[in-house]
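Values quoted throughout were computed directly from the atomic coordinates according to the rules given, and no laboratory measurement underlies them. Being a predicted model, the structure only gives us computed values, none of them experimental.
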Amino acid sequence: MKSTSVILILLFLISCGKNADKQAFTAEENNSVAPYDTIAIDSFSQGAISVDIARKIKMSSLKYQDSLKQVKLKNEEEQLLKKAKEEKLAAENKVKTDLDKAKASSASPKTDLPINQ
């Protein structure tokens, strides 16, 4: 048992040597500069664009302006169709009321003379 414990203690001492310092040093030697820019740009830095400015740029673009024109034209067409539909319904209702009046006047008896009994 003594021999086993001595062997284990020796292995422990050997494994806990100063080899870790050499590995850390070699890791530091392998540092290199990244091939891309790693500088963070926040909202207060010189290269950042505020949300309002980005919105103004988007609104001034031709594509955005054209889409606004298309939406406006579509709304106008829908209003014209709605107005024409309402006028058509109004004309149909007028014709129906005129027919109802004509039927009512023809169905009622015309008695200009008083009935005497």
* Asked: Do any of LYS83/LYS103; LYS58/LYS88; LYS74/LYS94 go past 32 Å between their Cα atoms, and which?
  -> LYS58/LYS88
* Calculated from backbone phi, Karplus (6.51, -1.76, 1.60) coupling profile of region 83-98 in Hz, x at Gly/Pro -> 5, 5, 5, 5, 5, 5, 5, 5, 5, 5, 5, 5, 4, 5, 5, 5
